[in-house]
């Protein structure tokens, strides 16, 4: 397992290729799709840092605005969008605005079952 899986903060990914590489490196991953200027998205980053420290799930952030294929591929209609992946495949989604760390951890636990 790579160091990013136990990082204290989410990994920032630049594009679809970086996301695919990240997912290939981790059996379980939580990815936030965000946009610059989204204050709710920005407020989620410290929450996701707490999630990264509290679990062995790899956590990353990606801005799909600069990579339109990501918007279509993951049907991003609003941000922040949390997507939980197992073995590179999306298995759960949550797009409810700001979500606290306890709720994100519960989402991950439920998706992981």
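Please treat every number below as a calculation from the coordinates, not as lab data. Being a predicted model, the structure only gives us computed values, none of them experimental. Cβ coordinates were reconstructed from backbone atoms using ideal geometry, including for glycine residues, and neighbour counts include every protein chain displayed.
Multiply the residue separation of residue 9 and residue 38 by 0.36 nm, subtract the distance between their alpha-carbon atoms, and state the gained length in nm to one decimal.
8.6 nm
Just from its helices, what would the mean residue ellipticity at 222 nm be for the chain, if runs of 4 or more DSSP H residues each count -39500 (n - 2.57) and the sum is divided by every residue, rounded to the nearest 500 deg cm²/dmol?
Taking each H run of at least 4 residues, the total per residue is -12000 deg cm²/dmol.
Seen from all sides and averaged, what is the projected area of the convex hull of the Cα atoms in the chain, in nm²?
6.0
Can you give the % of DSSP beta bridges in the chain that are antiparallel, to the nearest 5?
Looking only at bridges with both residues in the chain, the antiparallel portion is about 60 percent.
Would you please put 51-58, 79-86 in order of how densely packed they are, using the mean number of other Cβ atoms within 10 angstrom per residue and starting with the highest?
In decreasing order of mean packing, 51-58, 79-86 become 79-86, 51-58.
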